[in-house]
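Peer 1: Right, I'll just put the structure down here and ask away after.
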Amino acid sequence: MSITRQSNSNGVLSKERLENIKEKLDQGLFPQWMVSDPEIFELEKDKVFGYTWQYLGHESELKEPGDYVTRWLMDDPVLLVKNKKGEINVFLNSCSHRGTHLCAADVGNRKTFTCPFHGWSFNTDGELMGVIAGNKVFGEKMVRPEWNLRKIPRVETYKGLIFGNLDKNAMALDDYLGELKWYFDLFLARSDGGMEVVGSPQRWVVNTNWKIAAENFGGDPYHVATTHKSTVELGISPQDPLYASYGHQVQLNHGHAINVSSSENGLNVPPYQGLPEEMWPMFEKNLTKEQLEVYKETVVIVGNCFPNLAFHCPVHGNEGHLHNYLTLRIWRPIAPDKTEIWAWFLIDKAAPEEYKQASYKGYVASFGPSGTLEADDTEIWTRVTKASKGKMARDRDLNFNNVLNYMMGMDKIEPNRSWPGPGIAYPTCFTDFALRGMHDYWLDLLSADRDE
Amino acid sequence: MEVQEIKLNMDLLYDITNLLNQEARLLDNRNYKDWLELLTDDIVYRMPVRVTRESKDLTGKDDAMTYFEESKKSLTTRVLRFGTTSAWAEDPPLHTRHFVSNIMIEPGLKTNEINVKSYFLTKRSRGTDHHAEEIFGERIDVLRKVNEEWKIASRCIYPDQSILTVMNLTTFL
């Protein structure tokens with residue numbers, strides 16, 4: 001589908017203003033008012049989150065028939081449940097009768113879901129099974145299948161990741177992930193059996209806009225040297241102020257962004273993120289020659305699958321030794337200035353048990369609300385949002401020079417054309433190309449003409 | 001070493017209450033170095049995530065994922081971090097107040113240990129924010145008598161929220 005930008009002439013994105021925004025973005029400037037403007041937030045809810053693929057969960061979270069987890073797709077409650085055949089169904093978690101939030105638990109196992117309001121019950125295929133006093137009150141003509149649980153219009157998976165989309169005409173997930181798949185495979189497909197989720201997600205609330213968090217993972221290794229300086233002082237992170245710059249930042253299609261970091265000249269790092277040597281033959285079997293070439297020297301992979309699924313595959317630990325892990329996280333927008341974070345820990349199913357344990361400890365040490373890295377991130381994201389709410393920052397006509405600087409690398413850095421992976425790869429992670437790509441796609445969606 | 005049976009009596013409850021109050025005071029005064037002294041070298045310090053589960057599924061405590069999974073060494077790393085010049089989440093420092101109550105003592109698994117249960121409510125005020133944040137729940141501790149002094153040998157913190165409403169955990173609970 002091609003999208004043409006269209007202003008909502010009566011609303012916040014008038015034609016003139018849209019031109020103005022576009023002009024600024026082209027200069028690497030992001031209007032500060034758009035960070036947490038309430039009307040932009042409402043537009044995002046509809047035009048961004050209503051039309052893009054949203055991460056809902058991982059196949060490894062549902063093991064037995066009847067296993068379920070409940071999630072949110074923006075403001076829509078979602079129920080993921082494994083049926084008797086072992087297939088995962090994804091429904092709106094709202095009774096088809098009068099709309100009650102059907103299953104209020106986060107996780108569990110059920111054969112049937114019974115609504116506490118009037119007692120309608122549904123099986124794991126969402127079929128309406130029981131209607132209290134059925135024929136007596138609704139008559140025999142009631143067509144029960146018409147009142148099955150409502151399915152999320154599109155559900156597709158990629159290497160264990162389950163996504164949903166409210167737009168029935170959306171491009172296939174495979175196409176949407178596009179260039180990102182090559183990089184996803186570096187951690188999702190490197191080992192036999194792929195990754196598995198351990199335990200429940202950590203969840204907490206931060207008073208910031210979702211975009212700040214998405215950008216932080218998507219294209220901002222520049223913040224590492226300062227925001228996370230405490231770990232440098234502790235000797236956990238390298239002293240070299242440029243350490244987070246080594247490697248490549250890659251601008252990908254559909255607003256996805258990734259940073260594949262390595263060491264200076266690819267030296268002095270253990271191959272394959274220090275994963276146990278016994279796992280290397282799997283990597284060599286499962287990855288392509290080009291992927292191996294990149295992955296062998298990789299230290300950290302961090303990025304954002306547009307709009308709000310971030311992934312981070314680093315090496316870390318607080319006990320003097322470093323281990324690799326994967327965290328997936330959803331920045332769930334609650335309000336223009338409030339985001340709920342859902343953070344999952346994953347590790348290779350095929351990793352040695354001892355390694356899995358150490359990897360999990362490395363994760364909890366560094367990320368999540370107590371993480372020696374993330375604790376400072378959330379503090380600073382909150383400060384950005386707090387300082388972007390006033391008349392000066394919120395002025396939609398930019399009378400106060402209220403634009404933010406995303407100019408790093410503009411007209412200075414050329415792409416590395418010999419980079420073996422897809423996307424436009426820049427030979428440093430200290431640049432804003434990926435975020436500028438993200439902003440462009442975001443504005444495309446915000447201003448898309450969706451009259452269908 | 002002479003093994004003495006530990007008597008669960010008012011004196012002991014008084015001593016343990018004093019110790020937990022003292023611990024709260026050390027944390028609120030940011031005296032983390034002395035706080036570390038209250039912990040045994042082999043301490044297991046955990047905070048499992050809380051999950052909302054159906055009533056048939058009991059408590060919803062998920063031991064497989066935590067907000068803290070700590071040893072003395074990793075706790076020491078966290079304490080050292082507060083001493084750096086760039087622990088931004090605590091600069092300016094938050095004002096915290098650790099309230100501990102409903103303390104109960106029970107026999108331990110070993111002769112020199114007792115189990116201690118307590119409730120906690122930690123309030124904190126950040127900068128000029130109008131709202132005070134809070135986190136609350138219960139703690140299951142094992143205290144061990146080492147050289148005539150009680151030390152915390154194990155702590156499991158169970159928060160009462162499935163979704164924490166603090167943006168970070170930069171103090172200990």
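Peer 1: For the stretch A:200-236, give me each residue that is assigned to a loop (DSSP other than H, G, I, E, B), within 14 Å of chain B (Cβ to nearest Cβ) and either modelled with pLDDT of 95 or more or buried (at least 20 other Cβ atoms within 10 Å of the Cβ) (or both).
Peer 2: Taking the stretch A:200-236 first, the residues assigned to a loop (DSSP other than H, G, I, E, B) are A:200-201, A:207-209, A:220, A:228, A:234-236.
Going one step further and asking which of them are within 14 Å of chain B (Cβ to nearest Cβ), we end up with A:200-201, A:207-209, A:228, A:234-236.
Scanning the stretch A:200-236 gives A:Ser200, A:Pro201, A:Asn207, A:Thr208, A:Asn209, A:His228, A:Ile236.
Peer 1: Give the stretch A:255-306 a look and list any residue that's small (Gly, Ala, Ser) and surrounded by fewer than 18 Cβ atoms within 10 Å (Cβ to Cβ), or say none.
Peer 2: Within the stretch A:255-306, A:Ser263, A:Gly266, A:Gly274 qualify.
Peer 1: Identify, by number, the condition in (1) assigned to a strand (DSSP E or B); (2) more than 23 Å from B:His98 (Cβ to Cβ) that B:Val49 doesn't meet.
Peer 2: Among (1) assigned to a strand (DSSP E or B); (2) more than 23 Å from B:His98 (Cβ to Cβ), B:Val49 violates only (2).
Residues are listed down the side, and each one gets a yes or a no for (1) among the aliphatic types (A, V, I, L, M); (2) surrounded by 14 or more Cβ atoms within 10 Å (Cβ to Cβ); (3) closer than 23 Å to A:Leu80 by Cβ:
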{"position": "A:Ser94", "(1), (2), (3)": "no, yes, yes"}
{"position": "A:His97", "(1), (2), (3)": "no, yes, yes"}
{"position": "A:Ala104", "(1), (2), (3)": "yes, no, yes"}
{"position": "A:Lys111", "(1), (2), (3)": "no, no, yes"}
{"position": "A:Thr114", "(1), (2), (3)": "no, yes, yes"}
{"position": "A:Phe117", "(1), (2), (3)": "no, no, yes"}
{"position": "A:Gly134", "(1), (2), (3)": "no, yes, no"}
{"position": "A:Glu140", "(1), (2), (3)": "no, no, no"}
{"position": "A:Pro145", "(1), (2), (3)": "no, no, yes"}
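Peer 1: Moving on. Is at least one residue of the stretch A:150-165 within 14 Å of chain B (Cβ to nearest Cβ), of a type in the set (D, E, K, R), closer than 19 Å to A:Arg71 by Cα and buried (at least 18 other Cβ atoms within 10 Å of the Cβ)? Quick ask: steps written out before the conclusion?
Peer 2: Initial filter on the stretch A:150-165 (within 14 Å of chain B (Cβ to nearest Cβ)): none.
So far as the stretch A:150-165 goes, no, none of its residues is within 14 Å of chain B (Cβ to nearest Cβ), of a type in the set (D, E, K, R), closer than 19 Å to A:Arg71 by Cα and buried (at least 18 other Cβ atoms within 10 Å of the Cβ).
Peer 1: Would you mind listing the helices (runs of 4 or more DSSP H) fully within the stretch A:333-452 where at least 1 residues are touching a Gly at 6+ places or on another chain (Cβ under 8 Å) and within 11 Å of another protein chain (Cβ to nearest Cβ)?
Peer 2: A:353-366, A:374-386
Peer 1: Restricting to the stretch B:129-145, what's the tally of residues that are among the acidic types (Asp, Glu) and either farther than 17 Å from B:Met167 by Cα or in contact (Cβ under 8 Å) with a residue 40 or more places away in the chain (or both)? Spell out the reasoning first.
Peer 2: Our first condition is that a residue be among the acidic types (Asp, Glu); within the stretch B:129-145, this holds for B:129, B:133-134, B:138, B:141.
Filter once more, so that each one left must be either farther than 17 Å from B:Met167 by Cα or in contact (Cβ under 8 Å) with a residue 40 or more places away in the chain (or both): B:138, B:141.
Of the residues in that region, 2 qualify.
Peer 1: Here is a further query. Does B:Glu69 qualify as being closer than 18 Å to B:Leu173 by Cβ, among the acidic types (Asp, Glu) and within 14 Å of the chain's Cα centre (by Cα)? Reasoning before the result, please.
Peer 2: Values: closer than 18 Å to B:Leu173 by Cβ: yes; among the acidic types (Asp, Glu): yes; within 14 Å of the chain's Cα centre (by Cα): yes.
So B:Glu69 fits the description; yes.
Peer 1: Please go through (1) at pLDDT below 95; (2) part of a helix (DSSP H, G or I) for A:Pro241 and return the number of the only condition it doesn't satisfy.
Peer 2: For A:Pro241, the exception is condition (2).
Peer 1: Say we look at the stretch B:58-84 and pick out the residues that are at the interface with chain A (Cβ under 7 Å from one of its Cβ atoms) and among the hydroxyl-bearing types (Ser, Thr, Tyr); which of these is nearest to A:Val198 (Cα to Cα)?
Peer 2: In this case the residue turns out to be B:Thr66.
Peer 1: Within 29 Å of A:Pro201 (Cβ to Cβ) and among the acidic types (Asp, Glu): is that true of B:Glu23 in this structure?
Peer 2: Numbers: within 29 Å of A:Pro201 (Cβ to Cβ): no; among the acidic types (Asp, Glu): yes.
The answer is no for B:Glu23.
Peer 1: Out of (1) closer than 20 Å to A:Pro307 by Cα; (2) modelled with pLDDT of 95 or more; (3) surrounded by 15 or more Cβ atoms within 10 Å (Cβ to Cβ); (4) touching a strand residue (DSSP E or B) at 6+ places or on another chain (Cβ under 9 Å), the odd one out for A:Pro38 is which?
Peer 2: All conditions pass for A:Pro38, except number (3).
Peer 1: Hey, can you tell me all the residues within the stretch B:97-128 that are within 16 Å of B:Arg30 (Cα to Cα) and either within 14 Å of chain A (Cβ to nearest Cβ) or without any contact (Cβ under 8 Å) to a residue 12 or more places away in the chain (or both)?
Peer 2: Taking the stretch B:97-128 and keeping what is within 16 Å of B:Arg30 (Cα to Cα), we get B:97-99, B:122-126.
Across the stretch B:97-128, the qualifying residues are B:Thr122, B:Arg124, B:Arg126.
The values are calculated or read from the model by the stated rules, or taken from the named source; none is laboratory data. Remember, it's a predicted structure, so these values are computed and weren't measured experimentally. Neighbour counts run over all protein chains shown; Cβ positions are idealised from the backbone, glycine included.
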